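All remarks here apply to the structure that follows.
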Amino acid sequence: MPILKLSQPPHPGGFREFFSIAYPLLISHASYTLMHFVDRLFLSWSSPEEIAACLPAGALSFSLMAVFLGISEYTNTFVAQYHGADRSASIGAATWQGIYFSLFGGLVCLLLLPAGIFFLVWMDHPATLLRFEKIYFVNLFAGAVFFLLKEALSSFYSGRGKTFVVMMINLAANVLNAVLDYVLIFGHWGFPRLGIQGAAWATVISTAFCSVVFLILFLSPQNHRLYRTRTANRLHPELMRRLLRFGSPAGVQFLLEVSSFTVFIFMIGNLGPVELAASTIALSINGLAWQPMIGASVATATLVGQHIGRKDPATAEKSAYTAMISVECYMLVWGVLYFAFPEFLYSLFQSETPSTDIPFSEVQRFGSTILMFVAVYQIADALNLTFNGALRGAGDTAFPMWTSISLAWLLFVPGTWLSINHLGMGIEAAWFWVTAYITLLGFILLIRFRSGKWKRFKVLPDEAV
């Protein structure tokens, strides 16, 4: 019987192929999650008011840049399909379209700063929270262009399956962020104590570092020789049109998903600072499980895109189901941890200087209930992450957009609003609607993928670029 050697190429659509691309992205996104976890952990040690303020302000920031992030990130699908089709000369041009769009999006985000500040004031949170929310939002959102460039430039590597490079750059950036958090939040090494402003600066500086390193490598002589990264830099109208056509639904979906959670968070804030702090910590804890799986979603989109580029939809389909099994197993482990150790997980966020306005025992009590809801929707969230990535890699982006919009804004947000503002219900009702929304979305995307309609889409133009 022949012995299977690890040096043999992975079987198309199998677990080895999936993990060979996914594991660096999982580590990369896990480190990115850890970056936010460290931000919030340090802020919780700084003051409970700052940890309560960072989530709504951060969520608003990413809501306003979400459309641009979704389109910049969609550069990955173009690179993946060009790579699968063995059209290497077009990969540099596709990446440049993502770069140009990111620069445009960063400029628009600067123009949206006053709108974001107006929204924060309009939500009428307590004065202490509002002051910290405005500081965090302005300092984070002003660096939006770096978040967009990072997505477009990293797609040059992730779309070709070169995810180890993405992992190493992100790990370096996240180590830098942790060091800057320590220095800027608490005022060490001769720096002033900046608190929540320091957390925002650390995130922006580390993201800018990431973007610059990706750009330098993208323009290297080797990449120019293979992919024309220095000379294929003209604006290509047809390619840009297709990026906007297929990327815009993904961007709008991202916008309205993030916006729905932003509105949800602000509604929780109106229940009280204890409920807001408990929800902020719950989302931070769940980010440790969920954020790495965004890497699995990107890997799924990459593999589906590459196999579509090779005109092999059967293997693309197999890759998606392989990803689903892998993500489900991972999310189930986290669901068990949420059920078994909720109080311990919350104890990590206990401040050394307790607040009289936000008693931590109450935060922990609410949080234990919230984590039960989070544990329940883990299974459906695995479906959501997997098949959203698979459909995106094939170019089927409009259906997930409309499904997400409908469920978020006709079910999730109105249900939460009615429960809190008219029925007098509390935090449990709010998190019930989160669970209902994610569960329905996950299973609908599974049904869509099984229908096979995604095989009809054509992302790449026929002509060379």
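Rule-based calculations on the coordinates, nothing more; no lab input. Just so it is clear, the structure is predicted and the values come from calculations on it, not from any experiment. Cβ: placed from backbone, ideal geometry, glycine included. Neighbour counts: every protein chain shown.
Counting only residues at least eight positions apart within a chain, or on another chain, the lysines with an alpha carbon under 19 Å from that of Lys150 are Lys162.
Taking every C-alpha pair closer than 8 Å and separated by at least 6 residues, the mean separation divided by the residue count of the chain gives a relative contact order of 24 percent. Label segment 200-251 by shape, choosing from rounded, prolate and oblate, from the square roots a ≥ b ≥ c of the eigenvalues of the Cα gyration tensor; if a/c is under 1.5 it is rounded, and otherwise prolate applies when a/b is larger than b/c, oblate when it is not. Verdict is oblate for segment 200-251.
Sorting the segments 169-177, 275-283, 288-296 by their mean number of nearby beta carbons within 10 angstrom, highest to lowest, gives 275-283, 288-296, 169-177. Considering helices alone, the calculated mean residue ellipticity of the chain at 222 nm is -26500 deg cm²/dmol, with DSSP H runs of length four and up weighted by -39500 (n - 2.57) and normalised per residue. Within straight-line reach of Lys458, meaning a Cα separation under 22 Å, sit the following lysines at least 8 residues removed in sequence or on another chain: Lys311, Lys318.
For a test of the definition: using alpha carbon positions, the gyration tensor, and the 1.5 limit on a/c, classify segment 359-432 as rounded, prolate or oblate. It is oblate, given that a/c is not under 1.5 and a/b is not larger than b/c. Simple point charges give the picture: +1 on the Cβ of Lys and Arg, -1 on the Cβ of Asp and Glu, and for the chain a dipole about the Cα centre of about 1960 debye.
Neighbour counts of other Cβ atoms within 10 Å put Ser88, Ser28, Ser368 in the fewest-to-most order Ser88, Ser368, Ser28. Between Leu276, Asn174, Val67, the Cα set farthest toward the positive side of the dipole of the chain (charges on each charged residue's Cβ, about the Cα centre) is that of Val67.
Quick one: P(r) of the chain from all Cα-Cα pairs, 10 Å bins, percents rounded to integers, in order of increasing distance. Histogramming the chain at 10 Å steps yields 4, 21, 32, 27, 13, 4, 0, 0 percent. Can you bin segment 97-199 into rounded, prolate or oblate? Criterion: square roots of the alpha carbon gyration tensor eigenvalues sorted a ≥ b ≥ c, rounded for a/c under 1.5, prolate for a/b above b/c, oblate for the rest. Verdict is oblate for segment 97-199.
Descending by average beta-carbon neighbour count within 10 Å, the peptides 57-70, 191-204 line up as 57-70, 191-204, the highest first.
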